[in-house]
Every structure is written in C-alpha cells, then in structure tokens.
Amino acid sequence: MSKNIAIIGSGISGLSTAFFLKKFGNDKITVIESNKISGGVIETKLSSKYKFETGPNTLSVSDSRVMDMFNELNLKIKYPNPLAKNRFVLKNKTIIRVPDSFLSFLKTKLFSFKTKIKILFEFFNKSKPVKKVESVYDFFNRRFNKEFVEYAINPFIAGTYSGNPKNLSIKHVFPLLFNLEEKYGSIFKGFFKKNKNKYKIKRTILSFDNGLYDLISSLSIELKENIILNSRVIKIGFEKNKFNIEYLSDQKITNMQFDKVVLTVPFHKIKDIQFDMELTNKIKGLSEVYYPPIKMVTLSFKDNGNKEKFNGYGILIPEIEKMNILGVLYLSSMFNDSAPKDETLITVFVGGSRQPSLAKLDDKKIEKLILDDLKVIYGFNVEPEFITTRFWPHSIPQYDLDYSKKIDLMRSIETDCPGLLFNGNFINGISLENNILNSLEIAKNI
C-alpha cells in the first residue's frame, strides 16, 4: 500500500525524490514549497541577447541512472563546445592551462619538478594521518606537498565549495579518496584496484536546450498535481507514527497528516520550522552548519581581439595570488548561444569562505574590484556592455571538521522519528548529480 509522503522543498533534491517515488508507483506525494516557483538555487536567465545561470552553471554527470532520468523527461541535452575542456589556474599573475594528459602534465608550469615527482610517486607514500579528523589541506599536503595544495586544491575548493581546504573534512568532501587511502594506503593504488561501479559512465559536462532550469520545468510538469507552491511549513509534529504538518498559504494555515516526511530545505532555513520539543535542540544543532555568502557577477563585453583569452571553461584563482575574485566562468566559450557572436559573456565569483565580507559589498564596489582584477589577469580594460549581479547570502554547506557530528545528529533525529528523512546537498556531496542519486536511494528505501 502506498504511503502518504510529504516532501518539504522543491529544489533539485525535493523534485527528484518525488519523481522517483512516482516512478516506483507511489502517487501519494505532496511537495510543499515556500517560494512562488520551484528550483531552489537553479536559476536560468534568458533575454533576447543573453542566456546564463545565476546558480549552478552546468551539470557534471558520470552515472548512467542520471542520464536515464534526463531521457525519461525528454530533455534536450546540450554539450559545451570542445574548447570547454581547457581549464586554467592563475600562477604568479600568469594564466596557465591545467594539464589534461600525461604529456601536458610533464610540460606544465603549474607545478615544479619536485611537485611532479611527488605526484608521480604518490604510490609509494606510506604516510598516515597525524590527526584523528584530517582536513582537506592536511590530507593533500601529506600525500603530495604544499605547492600542490596551493595551486590545485585551494582554487578547486574555492571554486566548487566556496570553501577553505583548511576548514573542510577530507572524509566528507572527498570520501572516495579518503576511503582509497584507508583501504589501499595510496590514492593511485586504490584507483587501480577498486571495484568498478556498474553505473559508471565517462564523466561529461552538460546543460539543456534552455539552460539548467529545463530540468526543473520538466520535473515540475511531471509533478504538477503534487506540488503546492507559495506555502511555508511552520510546524512539524510527530505522534503515533504519523506526522502532522502545518503550513501557511495565502495567510491561511492548513493542517495535513503524512506517514513519512522528507526534509530537503537547507539547514540555514530549517530553524524557521517548529518541531516537537524533544527535537528542537537537535534541529538547532543542524542549523549551525555554515553556508558562506557568494556574489556572482555576470558581464558581457565586446571582443575587440581578445576572444582567444577566454577560450575554455574558466579560470580559478588560488588564494596565494591575493586577488579579490575566486574564479571566472567563460560562458560564451562554453555555449555559442549564450551571447552575441561579437561579445564575450563571463561570470565572476566573489566572496565565499575566503573573503565573505566582499560578497556583501554593494554592487558598484564589487564591480570596480572585479574590473580591476580582470585587467590584471587579462591585460586589458573590460568595458561591460551588460552587467548584473546575484547575491547568495547562503551558498554551499561547508563540510567542516566536525561534520561527522552533524551526520550523526541527522541519523539520531531519523531514529527518534521513524519516517523523517533528510535529503539535500548537505549529505553525500554538493553536486547536482549527488543530489539526484541521493533522491533515488531515498525513494527506493521508502
């Protein structure tokens, strides 16, 4: 018999959970969303001239089950131009391409000869963690060296997590690498010996015909009878193995009863929901997870002979370079329909854990800082034809050094309230693919 299930939040995790539940034959699903539209952080902006994202920019897919989902939704997949394989890092104010082959690794100026030897001979590194809980910084510094951390790991973590590798847990940020070392004593040795995932496919970067929001639109259409928009959950009670949910919509409070509840709202919002007294303190502990602020600035400018400087996916800026920006995405290089042919469209990221105060500056100050940095990096004055900003006061959950305690706390709450489940980018990885796969597993278990 189908269970009556509530899903709180209609971001990618909430919608994917509902999609898979429906696929497995459960139609008694209610998705409750506080905003006027679904999607969470996925936002695509379309105009007569420009197309860009103000949240995640692309999807990285390496699991066939995710591709199966896209095909079932009849999504028109769009792959970036071949140039997007080119990725760059700034070193000593010089743009250096990230090596993507063994030969380019041997030739790259990104790493010194000493660092290259460290990388090549990681197989023989017998070092063990000094601390019980090891940071991302300490792990890679121990297995490789400081230069590798500064010019590979630091910019990568800033660009993906908006984070600082010294403050993040290797166990939770890179669980595969953590487990490979623990089991085989070496990352490289582990890659050679580990069992192959039967769903594994070659990793690819993609978007959709009209941007990532096509995924949200397709899921919303598929679930149109199940989604309640503009409705804020104010209370979740648990009694006699049933959940009583109160939500506010159009200034009216509605009560509904469910067998199970899947919470997909980010932890910085979970404190706004009232729970039964015995859960209040535990829920409060989850709300302490840090989400650093990020400001995304998207701008377009005339090429004027500089187009080749933006041929690639983008550039990451290591902290040691002492710049204001974290990185730049080359949107018009990735997708031809992002901007007019004679313009270059980019998105610049500012703030994160590295410099959270910068993200909170007003737009004019941010724009000046960005344009100054772009001149240093690319060697010419960028004169925007178009510029817009998107401020995220809470961007990405930080899997900090105490994150195991947060996971234990979630599991404790789920044990205390059988039928209450957590799902979102605060579990098992922050990527959209991770969110979809988490949702698939939850739907299977329900």
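Considering (1) under 24 Å from S162 (Cα atoms); (2) in a loop (DSSP other than H, G, I, E, B), the lone condition that S62 does not fulfil carries the number (2).
Report whether or not T160 is outside the structural domain of I325 (by TED's automatic domain parsing) and touching a residue at least 60 places away in the same chain (Cβ under 8 Å). For T160, the condition - outside the structural domain of I325 (by TED's automatic domain parsing) and touching a residue at least 60 places away in the same chain (Cβ under 8 Å) - is met. The number of residues in the range 14-61 being farther than 29 Å from I236 by Cα and over 19 Å from the mean Cα position of the chain (by Cα) comes to 6. Of all residues in the range 88-104, those that are on the phi < 0 side of the Ramachandran plot have Cβ atoms under 7 Å from Cβ atoms of residues that are assigned to a helix (DSSP H, G or I), 6 or more apart or on another chain, in V89/Y151; V89/P155; L90/E321; L90/I377; K91/Y151; I95/I377; P99/F105; D100/K85.
Scanning the range 185-229 for residues that are without any contact (Cβ under 8 Å) to a residue 40 or more places away in the chain, more than 25 Å from the chain's Cα centre (by Cα) and surrounded by 15 or more Cβ atoms within 10 Å (Cβ to Cβ) returns a single hit, G190. Looking for something of a type in the set (S, T, Y), surrounded by fewer than 16 Cβ atoms within 10 Å (Cβ to Cβ) and at pLDDT below 90 - is there at least one such residue anywhere in the range 238-261? No - not one qualifying residue is present in the range 238-261.
Which numbered condition in (1) under 30 Å from K171 (Cα atoms); (2) outside the structural domain of I187 (by TED's automatic domain parsing); (3) touching a strand residue (DSSP E or B) at 6+ places or on another chain (Cβ under 8 Å) is the only one that D68 fails? D68 satisfies every listed condition except (3). Within the range 214-248, the set of residues being of a type in the set (D, E) and touching a strand residue (DSSP E or B) at 6+ places or on another chain (Cβ under 8 Å) comprises D214, E246. Could you check the range 282-311 and list, in sequence order, the residues that are surrounded by fewer than 22 Cβ atoms within 10 Å (Cβ to Cβ), more than 18 Å from the chain's Cα centre (by Cα) and either of a type in the set (S, T, Y) or part of a loop (DSSP other than H, G, I, E, B) (or both)? S287, E288, D303, N304, G305, N306, N311 - these are the residues of the range 282-311 that are surrounded by fewer than 22 Cβ atoms within 10 Å (Cβ to Cβ), more than 18 Å from the chain's Cα centre (by Cα) and either of a type in the set (S, T, Y) or part of a loop (DSSP other than H, G, I, E, B) (or both). Quick one: in the range 126-148, which of the residues that are within 24 Å of P99 (Cβ to Cβ) and out of contact with any Asp or Glu (no Cβ under 9 Å at 6 or more places or on another chain) is surrounded by the most Cβ atoms within 10 Å (Cβ to Cβ)? Only one residue tops the list, namely V136. For the structure I just gave you, tell me whether I153 is under 20 Å from the mean Cα position of the chain (by Cα), surrounded by fewer than 16 Cβ atoms within 10 Å (Cβ to Cβ) and aliphatic (A, V, I, L, M). The answer is no for I153. In this structure, is V89 surrounded by 19 or more Cβ atoms within 10 Å (Cβ to Cβ), β-branched (V, I, T), closer than 23 Å to S162 by Cα and under 19 Å from the mean Cα position of the chain (by Cα)? Judged against the criteria, V89 is not a match.
For the range 410-446, a residue qualifies if it is out of contact with any Asp or Glu (no Cβ under 8 Å at 6 or more places or on another chain), surrounded by fewer than 16 Cβ atoms within 10 Å (Cβ to Cβ) and not small (G, A, S), and the qualifying residues are R411, E414, T415, P418, E441, K444, N445. Going by the structure shown, is N141 over 26 Å from the mean Cα position of the chain (by Cα), within 23 Å of K109 (Cα to Cα) and without any contact (Cβ under 8 Å) to a residue 40 or more places away in the chain? For N141, the condition - over 26 Å from the mean Cα position of the chain (by Cα), within 23 Å of K109 (Cα to Cα) and without any contact (Cβ under 8 Å) to a residue 40 or more places away in the chain - is not met.
The values are calculated or read from the model by the stated rules, or taken from the named source; none is laboratory data. Bear in mind that the values here come from a model prediction, so they are computed numbers and not experimental data. Positions of Cβ are generated from backbone atoms using ideal geometry, with glycine treated the same way; all protein chains shown enter the neighbour counts.
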